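What follows is a set of notes on a single structure, which appears directly below.
The values are calculated or read from the model by the stated rules, or taken from the named source; none is laboratory data. From a predicted model like this one, the values you see are computed outputs, not experimental measurements. FYI the Cβ positions are ideal-geometry reconstructions off the backbone, even for glycines, and counts take in every protein chain you see. Quick note on the areas: whole protein, heavy atoms, side chains included, nothing else; ligands and nucleic acids left out. Shrake-Rupley method; radii C 1.70, N 1.55, O 1.52, S 1.80 Å.
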Amino acid sequence: ACPTVLVSSLSLSSEKAVTVYVSSSLSAPVAVSGRVNLGKGKKTKLSAAGKTVAPGTLGRFVLTLTKPVRRTLASLSTKKALTVTISASATNVAGTVSTATSTLKLRGQKKPAPHHKPAHHKKKPKKK
């Protein structure tokens, strides 16, 4: 039987990595990877070390964000986001692969420019 693999929607992102939780119906080696579309036709891949996930448990995988992804996020406003497509695949004893995909949005991290208020000039008292 094929292992059923689920990528949890509990994927969490920080400034440097995306943490993905994966469950499997059978004990199986699981590989997790991610693909980020950086815009302008550029894409980059993310990968995590593979490991065996036991049934009834959540396997924790960390996809480290590459420099191009971090640089792009730093230049995007907080209103915009990059989409990460996460794939988890498990292989059973017979070599059949079961794959699950999920998407996660990474918010831009550029802070809006602070609005500078003109300094209030105090009126000098008139000399009499």
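So that you can scan it fast, the table gives a plain yes or no per residue for (1) within 16 Å of residue 19 (Cβ to Cβ); (2) surrounded by fewer than 15 Cβ atoms within 10 Å (Cβ to Cβ); (3) modelled with pLDDT under 90; (4) of a type outside the set (Gly, Ala, Ser):
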site: 45; (1), (2), (3), (4): no, yes, no, yes
site: 57; (1), (2), (3), (4): yes, yes, yes, yes
site: 83; (1), (2), (3), (4): no, yes, no, yes
site: 86; (1), (2), (3), (4): yes, no, no, yes
site: 90; (1), (2), (3), (4): no, no, yes, no
site: 102; (1), (2), (3), (4): yes, no, yes, no
site: 120; (1), (2), (3), (4): no, yes, yes, yes
site: 124; (1), (2), (3), (4): no, yes, yes, yes
site: 128; (1), (2), (3), (4): no, yes, yes, yes
Considering segment 20-36 alone, what residues qualify as being under 16 Å from residue 99 (Cα atoms) and open to solvent by less than 40 Å² (accessible area, probe 1.4 Å)? 20, 22, 23, 24, 28, 30, 32, 34
Determine, yes or no, whether residue 39 is surrounded by 15 or more Cβ atoms within 10 Å (Cβ to Cβ), modelled with pLDDT under 90 and in contact with a helix residue (DSSP H, G or I) (Cβ under 8 Å, 6 or more places away or on another chain). no
List the number of the failed condition for residue 94; all other conditions in (1) more than 23 Å from residue 110 (Cβ to Cβ); (2) buried (at least 21 other Cβ atoms within 10 Å of the Cβ); (3) free of Cβ contacts under 8 Å to residues at least 60 places away in the same chain hold. (2)
